[in-house]
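First up is the structure itself, then whatever we jot down about it.
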Amino acid sequence: MSDAFERWVEWRHKRPRDRRSIPAELYAAVMSLPEADRSDRQRVNEVVRSHDEARREGRTVWLYLDYQCPLVPNSGAKVVGLSRGAKPGSR
């Protein structure tokens, strides 16, 4: 079985049409490192272990953001603090 670093490097250097994937948690942990540290086996394995521990202990949360349309009707997002007749963005 390969460690997190080997899985990261194998995925990172795969051919363009290769459909191999890695877990989102592994990707997020490695991408949280400065770029220079992403090629350091010890740092990669350490940060993946740390993120995994935080996830198991319930100290993490995933946020899914839609940058194309951040305020979609019926998305549950609410605009609060508007006076009657006011438009969002106006004072």
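The values are calculated or read from the model by the stated rules, or taken from the named source; none is laboratory data. From a predicted model like this one, the values you see are computed outputs, not experimental measurements. Note that each Cβ is placed from the backbone with ideal geometry, even for glycine, and that neighbours are counted across all protein chains shown.
Can you give me the number of residues within the stretch 1-21 that are closer than 18 Å to Glu53 by Cα and among the β-branched types (Val, Ile, Thr)? Before the answer, list the steps.
Narrowing the stretch 1-21 to residues closer than 18 Å to Glu53 by Cα: 3-5.
Checking which are among the β-branched types (Val, Ile, Thr) leaves us with none.
Summing the residues that are closer than 18 Å to Glu53 by Cα and among the β-branched types (Val, Ile, Thr) in the stretch 1-21 gives 0.
For the stretch 21-41, which residues satisfy the criterion of being in a loop (DSSP other than H, G, I, E, B) and over 12 Å from Val9 (Cα atoms)? I'd like the intermediate steps shown before the answer.
Keep residues of the stretch 21-41 that are in a loop (DSSP other than H, G, I, E, B), which gives 21-23, 32-34, 40.
Across the stretch 21-41, the qualifying residues are Pro23, Ser32, Leu33, Pro34.
A quick yes/no check of all residues on (1) modelled with pLDDT of 75 or more; (2) of a type in the set (Phe, Trp, Tyr); (3) surrounded by 10 or more Cβ atoms within 10 Å (Cβ to Cβ); (4) in contact with a Pro (Cβ under 6 Å, 6 or more places away or on another chain):
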{"position": "Arg17", "(1), (2), (3), (4)": "yes, no, no, no"}
{"position": "Leu26", "(1), (2), (3), (4)": "yes, no, yes, no"}
{"position": "Asp52", "(1), (2), (3), (4)": "yes, no, yes, no"}
{"position": "Val72", "(1), (2), (3), (4)": "no, no, yes, no"}
{"position": "Gly81", "(1), (2), (3), (4)": "no, no, no, no"}
{"position": "Gly85", "(1), (2), (3), (4)": "no, no, no, no"}
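I need every pair where a residue in the stretch 7-19 that is in a helix (DSSP H, G or I) has its Cβ under 7 Å from the Cβ of a residue that is small (Gly, Ala, Ser) and modelled with pLDDT of 95 or more, sequence separation at least 6 or different chains.
If the second residue must be small (Gly, Ala, Ser) and modelled with pLDDT of 95 or more, no pairs are left.
Is there any pair linking a residue in the stretch 54-75 that is closer than 15 Å to Ala29 by Cβ to one that is aliphatic (A, V, I, L, M) and at pLDDT 75 or above, with Cβ under 7 Å and at least six apart or on different chains, and which?
Short answer, once both residue conditions are applied: Thr60/Ala54.
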